[in-house]
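As structure tokens, the structure follows; a few thoughts come after it.
The values are calculated or read from the model by the stated rules, or taken from the named source; none is laboratory data. This is a predicted model, so every value here is computed, not measured. Don't worry about glycine lacking a Cβ; one is built from the backbone with ideal geometry, like all the others, and counts go over all protein chains shown. Ligands, DNA and RNA are excluded from the accessible area calculation, which covers all protein heavy atoms including side chains. Shrake-Rupley method; radii C 1.70, N 1.55, O 1.52, S 1.80 Å.
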Amino acid sequence: MTHLNRREALKLGGAGVAVAALVPAAAHAAPTTPYFQHGVASGDPLPRAVILWTRVTPTPESLPGSGAGPAVQVGWQVAEDEAFTAVVAEGVLDTGPERDHTVKVDVQGLRPGTAYHYRFSYLDAFSPAGRTRTAPAENADVDSLTFAVVSCSNWEAGYFGSYRLLAGRDDLFGVIHLGDYIYEYAPKEFGTGDGGALRQHVPAKEITTLADYRQRHAQYKTDPDLRALHARHPWMIVWDDHEIANDAWSDGAQNHDPATEGSYADRKAASRQAYDEWMPVRLRDGGVIYRTLRFGKLAELTMLDLRSYRSEQTSGTAVDDPEQTITGGPQMEWLKSTLSASRTRWRLVGNSVMIGPLVLGSLPAEVLGPLAQLLGLPSGGYSLNPDQWDGYTDDRRELLGHLKDNEITNTVFLTGDIHTSWAIEVPWKAGSYPLTPAVATEFVVPSVTSNNIDDILQVPPRTASLAAEAAIATTNRHIRWSELDSHGYGVLTVRREQTRMDWYFLSDRTSPTATSRKAVSFTTASGSQKLKRAWG
């Protein structure tokens with residue numbers, strides 16, 4: 001256990017990520033108090049470090065987004081045991097209204113591949129305890145790792161049963177969240193079926209300011225199932241569009257009107273600050289979120305930012321314009337370099353929007369309209385989704401060509417955003433599969449709660465969507481499977497010889513006690529870039 005005579009805080013990329021030097025802290029037990037109303041969380045595990053997070057409510061007026069309340073000191077502890085008799089690191093951090101009374105610590109000096117317990121303290125009270133772990137050492141021979149993979153959790157559309165069920169699993173290393181952790185809309189404005197909402201958003205308006213985004217993040221972290229999963233496993237997260245506004249791009253969004261909602265740059269900055277304050281993520285200088293996490297010799301996880309640097313969505317032949325970018329130049333060069341330099345068996349890519357090409361073909365009108373709404377397509381032509389990589393074909397050719405030309409194998413894209421489930425062999429050249437080979441595979445996970453086909457149509461599941469799935473299979477031979485109705489989550493198991501995705505579907509997103517069933521599994525064998533159905 002390390003002790004220093006003073007506390008230091010080194011800022012790491014944005015507001016308030018602190019690397020805290022360790023100081024003695026009280027270790028006596030205390031009863032649960034209302035000081036820690038938003039739970040605890042951990043994230044971005046490295047071999048010798050991990051992010052810890054909480055928020056303290058020191059006084060009744062210290063409400064999220066209020067800008068009120070005193071500056072306070074919060075203690076933290078990391079221990080090898082649940083009883084905190086073997087504390088290995090501890091410290092104290094300052095927080096206050098300038099960072100919405102959140103606390104984020106980048107704990108250093110831990111042992112690789114080790115499970116730890118952690119908690120926070122304020123006055124004589126302790127927070128609920130959380131459990132986390134560090135990544136294996138870079139040269140470690142790791143037999144297997146299992147991750148939960150989730151995305152798209154709209155508060156108003158249902159309960160977070162997927163989070164509750166995943167929190168009950170003991171086999172997970174951590175949780176990969178691919179974005180749309182919160183939604184920006186006003187109550188009853190988006191994705192609530194018949195216009196109702198199981199539970200309404202706070203604040204009761206579309207969020208556009210720093211105070212608004214802070215309040216919305218706080219509301220989501222009052223959900224008991226979300227808090228349970230945060231406390232149980234470390235998260236590896238990235239934002240998509242709804243953390244700011246629907247269909248966001250570098251300088252605007254479909255759901256942003258400068259005439260009534262002010263500067264988009266100000267809104268974007270506010271959303272990013274609140275995200276940094278409220279999420280267990282390690283941002284780099286300038287608020288850069290794209291990054292790589294390594295897990296021994298087995299796998300490397302690269303998390304992409306496909307919103308901050310992209311061109312505005314377009315359509316028609318403009319999607320082939322070389323100036324259209326989804327990654328931005330610097331991120332693309334970093335990504336290609338990272339994939340080339342990787343020495344792990346598997347390269348996992350956290351990819352918020354689908355990279356596999358999609359042609360819809362002929363569909364009945366009653367299905368085509370809702371499917372277009374789900375995919376964000378314009379009325380009229382439905383040959384592609386311009387918000388996905390389909391709208392940025394030059395970037396896709398560059399990336400997939402890099403994989404092909406450099407013989408980079410075992411690349412698996414992990415995707416969210418689209419609220420539905422897909423298993424894809426990603427072809428080097430769109431439209432020519434199987435004449436041109438697949439250079440990667442892609443697993444797309446369903447939404448936790450956000451609407452899909454049957455929700456939009458307000459019809460029973462597995463009715464209207466069957467026509468869409470059949471059309472997709474007919475015109476997209478590289479898409480091995482799709483399911484457009486169910487909500488749930490994925491469980492990814494990575495072994496040396498293969499990677500496997502199991503899709504789990506909820507019994508009912510509107511039930512707080514929903515169960516899940518394993519619906520289907522696909523594997524990709526090392527070196528193959530092919531998918532094989534293994535279950536269902």
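Can you confirm whether residue 473 is assigned to a helix (DSSP H, G or I), farther than 20 Å from residue 176 by Cβ and either without any contact (Cβ under 8 Å) to a residue 12 or more places away in the chain or of a type in the set (D, E, K, R) (or both)?
Numbers: assigned to a helix (DSSP H, G or I): yes; farther than 20 Å from residue 176 by Cβ: yes; either without any contact (Cβ under 8 Å) to a residue 12 or more places away in the chain or of a type in the set (D, E, K, R) (or both): yes.
Against the criterion (assigned to a helix (DSSP H, G or I), farther than 20 Å from residue 176 by Cβ and either without any contact (Cβ under 8 Å) to a residue 12 or more places away in the chain or of a type in the set (D, E, K, R) (or both)), residue 473 qualifies.
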Checklist line | Within region 279-295, considering residues that are out of contact with any Ser or Thr (no Cβ under 7 Å at 6 or more places or on another chain) and β-branched (Val, Ile, Thr), the one farthest from residue 269 (Cα to Cα) | finding: 281
Margin query: Looking only at region 315-348, filter to residues that are touching a residue at least 40 places away in the same chain (Cβ under 8 Å), assigned to a helix (DSSP H, G or I) and among the charged types (D, E, K, R); which one of those is nearest to residue 402 (Cα to Cα)?
Written below: 336
Next item on the list: Name the single residue, out of those in region 486-536 being open to solvent by 20 Å² or more (accessible area, probe 1.4 Å) and of a type in the set (Phe, Trp, Tyr), that is farthest from residue 439 (Cα to Cα).
Entry: 504
Check: In region 72-113, what count of residues is obtained for those that are touching a residue at least 60 places away in the same chain (Cβ under 8 Å), closer than 18 Å to residue 211 by Cβ and within 25 Å of the chain's Cα centre (by Cα)?
Finding: 3
Item checked: Matching residues in region 126-169 - criterion: being assigned to a loop (DSSP other than H, G, I, E, B) and within 25 Å of residue 220 (Cβ to Cβ) -> 127, 128, 129, 151, 152, 153, 154, 158, 159, 160, 168, 169
Next item on the list: Could you list, in sequence order, all residues of region 213-238 that are under 17 Å from residue 184 (Cβ atoms), out of contact with any helix residue (DSSP H, G or I) (no Cβ under 6 Å at 6 or more places or on another chain) and open to solvent by 10 Å² or more (accessible area, probe 1.4 Å)?
Entry: 215, 219
Notebook entry, point to check: From the list 69, 43, which residue is part of a loop (DSSP other than H, G, I, E, B) and either at pLDDT 95 or above or over 25 Å from the mean Cα position of the chain (by Cα) (or both)?
Noted result: 69
Margin query: Tally up the residues in region 90-121 that are closer than 13 Å to residue 56 by Cβ, among the β-branched types (Val, Ile, Thr) and open to solvent by 10 Å² or more (accessible area, probe 1.4 Å), please.
Written below: 1
Margin query: Can you tell me which of (1) over 13 Å from residue 41 (Cβ atoms); (2) under 22 Å from the mean Cα position of the chain (by Cα) is the one residue 123 doesn't meet?
Written below: (2)
Check: Among 275, 264, which is the only one that is over 30 Å from residue 170 (Cα atoms) and either among the polar types (S, T, N, Q) or crowded, with 18+ Cβ neighbours inside 10 Å (or both)?
Finding: 264
Notebook entry, point to check: Can you name the condition, by its number, that residue 155 falls short on among (1) within 30 Å of residue 508 (Cα to Cα); (2) in contact with a Lys or Arg (Cβ under 7 Å, 6 or more places away or on another chain); (3) surrounded by fewer than 21 Cβ atoms within 10 Å (Cβ to Cβ)?
Noted result: (3)
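Name the helices (runs of 4 or more DSSP H) wholly within region 192-302 that hold at least 3 residues that are within 23 Å of residue 349 (Cα to Cα)?
On the way: elements: 210-220, 224-232, 258-261, 264-278.
Of the helices (runs of 4 or more DSSP H) lying wholly inside region 192-302, those with at least 3 residues that are within 23 Å of residue 349 (Cα to Cα) span 264-278.
Consider residue 23 carefully, then state whether it is modelled with pLDDT under 90, more than 30 Å from residue 207 (Cα to Cα) and in contact with a strand residue (DSSP E or B) (Cβ under 6 Å, 6 or more places away or on another chain).
Yes: the conditions hold for residue 23.
Here is a check on your reading of the model: is residue 124 farther than 30 Å from residue 211 by Cα, acidic (Asp, Glu) and open to solvent by 30 Å² or more (accessible area, probe 1.4 Å)?
Working: farther than 30 Å from residue 211 by Cα: no; acidic (Asp, Glu): yes; open to solvent by 30 Å² or more (accessible area, probe 1.4 Å): yes.
Taking the combined requirement at face value, the residue does not satisfy it.
Quick one: would you say residue 446 is assigned to a loop (DSSP other than H, G, I, E, B) and closer than 26 Å to residue 411 by Cβ?
Details: assigned to a loop (DSSP other than H, G, I, E, B): yes; closer than 26 Å to residue 411 by Cβ: yes.
So residue 446 passes the test.
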